[in-house]
Amino acid sequence: MTTLHWIDYAIMGLYFAFVLGIGAMLRRYVHTSEDFFLSGRSIPAWVTGLAFISANLGAQEVIGMGASGAKYGIATSHFYWVGAIPAMVFVGLFMMPFYYGSRARSVPEYLKLRFDEKTRGVNAVSFAVMTVFSSGISLYAMGKLLNLLLGWSFDASILVAGGIVLGYIFLGGLTSAIYNEVLQFFLIVFGFAPLVFLGLRDVGGWAGLSARLAGVATDNGFAAGAYTRSWAFMGSASANPVGVEWFGLVMGLGFVLSFGYWCTDFLVVQRAMAANSMTAARRTPLIAALPKMLFPFLVILPGMLALVVSSTAVRSTSVAAPAPAPAAAPAAAVASAAATATVAPSDPGAERREGIVPPKLDPRTGEPLRDARGRVVLDYDLATPMMLVHFFPAGLLGLGLTALLASFMSGMAGNVTAFNTVWTYDLYQSYIRKGAPDSHYLAMGRFATVFGVAVSIAAAYVAASFNNIMDFLQLVFAFVNAPLFATFALGMFWPRATGHGAFTGLVSGILAAAVHHGISLPAGAHVGVKGGYLGVMTTYPSELAQTFWTAIAAWVTCFVVTIVVSLLTRPRPAEQLHGLVYGLTPKPTDDVKRWYERPGPLALIVLTLTVALNLIFF
């Protein structure tokens with residue numbers, strides 16, 4: 001257990017007080033349901049832009065991307081330079097005019113306006129399920145972190161962490177979440193920048209890191225540069241740690257999952273919809289894209305460094321099992337597992353080993369888990385936390401832990417605010433109680449916040465079965481966002497698409513994802529939550545490879561079925577689609593004078609810089 005000093009606790013306590021204070025202060029401005037759910041559409045573009053990125057910058061990203069950096073190397077940058085930036089540009093230029101201009105209060109409500117009620121219902125239910133799972137991942141990550149570093153029980157940790165998020169959302173709604181997300185953005189940057197600097201200095205800069213990772217790559221059967229070059233080894237799935245070839249990467253991540261998330265996920269779209277004008281709403285994802293493209297250096301590098309820094313330099317820190325071992329388990333087993341995870345420099349007999357990523361421990365015995373091939377399963381989710389306790393002294397450690405707390409809160413709060421909006425507007429108001437006073441829906445939104453946090457706690461235990469929470473999150477997106485993007489693409493750009501086609505396509509896409517996942521399994525995994533429950537017909541080199549192809553199957557199925565059914569059913573008249581379909585909607589005009597405030601030039605700058613980063617790390 002890490003020993004924290006009073007200054008560490010003071011920094012964390014100050015942060016908790018500040019975020020709850022923001023919620024209490026903003027409560028006086030929440031008078032209507034629109035104030036609670038959409039901030040009255042009154043927030044400037046720079047605030048919504050930082051909230052747009054911060055809502056996505058949850059524990060899934062800070063801990064999950066660090067885990068992926070340790071597991072896959074610099075290829076994890078594809079989640080940014082291929083799997084985020086192009087889609088963020090697209091949603092800002094082409095899709096935000098429909099969301100903001102239609103005055104829809106949520107993404108499912110746009111589907112109702114474009115298609116029909118049943119399509120809205122399917123999306124609302126699937127999105128609500130996805131948000132509580134995503135929120136559960138954040139909750140699991142934070143509970144695990146507090147268990148590791150502070151010695152709290154996993155159960156108590158997630159209850160306390162969930163209660164803090166519940167407090168400030170319940171009080172201030174979306175406005176409280178957005179302004180807290182801006183604060184959390186800067187905390188994350190200032191908390192992790194010193195970690196990257198200290199880590200690179202320790203291994204001799206990028207050149208030293210590349211040299212050390214070359215040994216890791218060859219030990220795992222890859223070419224020397226497999227962990228430090230993002231595109232060079234994508235010609236074959238067996239030649240890179242991700243286990244996917246370039247087509248699966250570009251189609252599965254760069255197109256289906258990326259556009260499916262950034263263009264249709266109400267979690268991030270909600271931030272842009274809170275902007276104070278159409279131009280501000282369109283600029284929101286473009287402003288967010290500028291820092292987003294630099295975040296690989298902040299969140300991926302700590303995971304890569306954790307693979308190669310010497311464990312004998314780590315401070316004396318024991319790693320507890322995810323849950324207390326039962327009394328029957330020998331104490332020596334738990335001690336052995338902790339010693340495997342971390343070696344204290346005071347132990348003269350300790351064997352020097354590279355890397356500080358600990359093994360995943362069996363909660364029943366305290367022994368390291370092994371996969372189906374008998375290899376120890378590393379707990380990649382602990383890569384970034386172990387880097388914190390490795391490098392940070394008192395005070396700076398408190399700042400680093402507060403940055404992790406901030407990432408957790410921004411991610412979970414984003415999901416909870418999206419959940420309470422969709423539940424209240426798209427499910428409760430539409431199907432359970434119509435025509436109630438606005439004050440009733442405001443009260444229901446607060447109740448939905450409590451319910452969403454409670455269900456997230458249950459989802460946290462499901463996330464515990466994955467050794468990389470980013471893999472789990474991408475799988476959830478493959479089931480929900482992948483088919484949804486096909487529906488949106490056809491609905492926004494093909495006037496012939498019908499409600500019957502969209503509904504049938506969505507259901508078919510989700511079923512296709514379930515079938516593909518059920519007949520496939522990642523190498524070394526056991527049949528169950530990771531797939532194979534319908535019979536193993538194919539295996540993939542990694543969980544991400546399986547997820548990318550699950551997403552492709554879902555998107556293609558939804559796309560084809562929607563087209564076929566739409567051609568067999570009656571379309572809506574063109575006059576009913578004005579403002580909802582590209583080509584039938586006037587192009588938005590920008591109410592700004594400076595060129596750099598217009599979405600077009602901003603998008604060109606963003607894309608140019610992204611191409612340059614891909615070439616530098618090719």
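The values are calculated or read from the model by the stated rules, or taken from the named source; none is laboratory data. These numbers come from a predicted model, not from an experiment. Backbone-built Cβ (ideal geometry, glycine too); neighbour counts: all protein chains shown. These accessible areas exclude ligands, DNA and RNA; they are computed on the full protein's heavy atoms, side chains included. Shrake-Rupley method; radii C 1.70, N 1.55, O 1.52, S 1.80 Å.
Can you compute the label reach from Val377? Point 7 Å from Cα along the Cβ direction, backbone N cut-off under 20 Å, restricted to segment 67-99. Label zone hits: 67-73.
Rolling a 1.4 Å probe over the protein heavy atoms gives segment 1-156 an accessible area of 29 Å² per residue.
Answer rounded, prolate or oblate for segment 471-618, using the Cα gyration tensor with square roots of eigenvalues a ≥ b ≥ c: rounded when a/c is under 1.5, else prolate when a/b is larger than b/c, else oblate. In terms of gyration-tensor shape, oblate. In segment 110-173, taking the dipole from charged Cβ atoms about the Cα centre, the farthest positive-side position among Gly162, Met142, Thr131 is held by Thr131. Put Arg28, Arg283 in order of accessible area, highest first, and with a 1.4 Å probe you get Arg28, Arg283. Think of the chain as a dipole: +1 on every Lys or Arg Cβ, -1 on every Asp or Glu Cβ, centred on the Cα centre; then among Val377, Tyr179, Val107, Val107 lies furthest on the positive end. The three principal axes of the C-alpha atoms in segment 401-539 carry coordinate ranges of 54, 52, 26 Å, sorted with the longest axis first. The length gained on full extension between Phe451 and Asp591, counted as 0.36 nm times the residue separation minus their Cα-Cα distance, comes to 46.3 nm. Ordering Pro586, Gly509, Ala24 by Cα displacement along the dipole of the chain toward the positive end leaves Pro586 in first place; charges were set at the Cβ atoms of Lys, Arg (+1) and Asp, Glu (-1). In the structure shown, the pairs Lys292/Lys360; Lys144/Lys434; Lys112/Lys587; Lys434/Lys530; Lys292/Lys434; Lys434/Lys587 are assessed against 32 Å; a Cα-Cα span above that value is assigned to Lys144/Lys434; Lys434/Lys530; Lys292/Lys434; Lys434/Lys587. Put a plus charge on the Cβ of each Lys and Arg, a minus charge on the Cβ of each Asp and Glu, and nothing anywhere else: the dipole of segment 495-618 about its Cα centre is then about 220 debye.
Would you tally the net charge around Tyr441, using a Cβ to Cβ cut-off of less than 14 Å, leaving Tyr441 out, and scoring K and R as +1, D and E as -1?
Spelling it out: positives minus negatives among the neighbours equals -1.
Taking a Cβ cut-off of under 11 Å around Gly524, the surrounding Lys, Arg, Asp and Glu residues balance to a net charge of +2, with basic ones at +1 and acidic ones at -1. Can you compute the FRET efficiency between Val129 and Arg496 using 1/(1 + (r/R0)^6), with r the Cβ-Cβ distance and R0 = 22 Å? Round to the nearest 0.05. Efficiency, from the Cβ-Cβ distance: 0.15. The Ala10 and Leu159 beta-carbon pair, evaluated with R₀ = 25 Å, returns a calculated FRET efficiency of approximately 0.60. Annotation note: trypsin sites (Lys or Arg not before Pro) in segment 109-145 located in DSSP loop regions with a Cβ neighbour count of at most 11 within 10 Å are absent. Placing +1 on the Cβ of every Lys and Arg and -1 on the Cβ of every Asp and Glu, with nothing else charged, gives the chain a dipole about its Cα centre of roughly 1060 debye. For the chain, give the percent of accessible area contributed by carbon and sulfur heavy atoms, probe 1.4 Å, rounded to a whole number. The value for the chain is 68 percent carbon and sulfur by accessible area.
Helix content alone sets the calculated 222 nm mean residue ellipticity of the chain: runs of n ≥ 4 DSSP H residues at -39500 (n - 2.57) each, divided across all residues, give -20000 deg cm²/dmol. By DSSP, the beta bridges lying fully in the chain are antiparallel in about 55 percent of cases.
Rolling a 1.4 angstrom probe over the protein heavy atoms, how many square angstrom per residue are accessible across segment 482-587?
Spelled out: the 1.4 Å probe surface of segment 482-587, per residue, equals 42 Å².
Mean projected area of the Cα convex hull of the chain, taken over all directions, amounts to 27.1 nm². Beyond 21 Å, the tail of the calculated P(r) for segment 112-186 holds 47 percent of the Cα pairs. Were the residues from Leu150 through Ala436 laid out at 0.36 nm apart, the gain over their Cα-Cα distance would be 98.3 nm.
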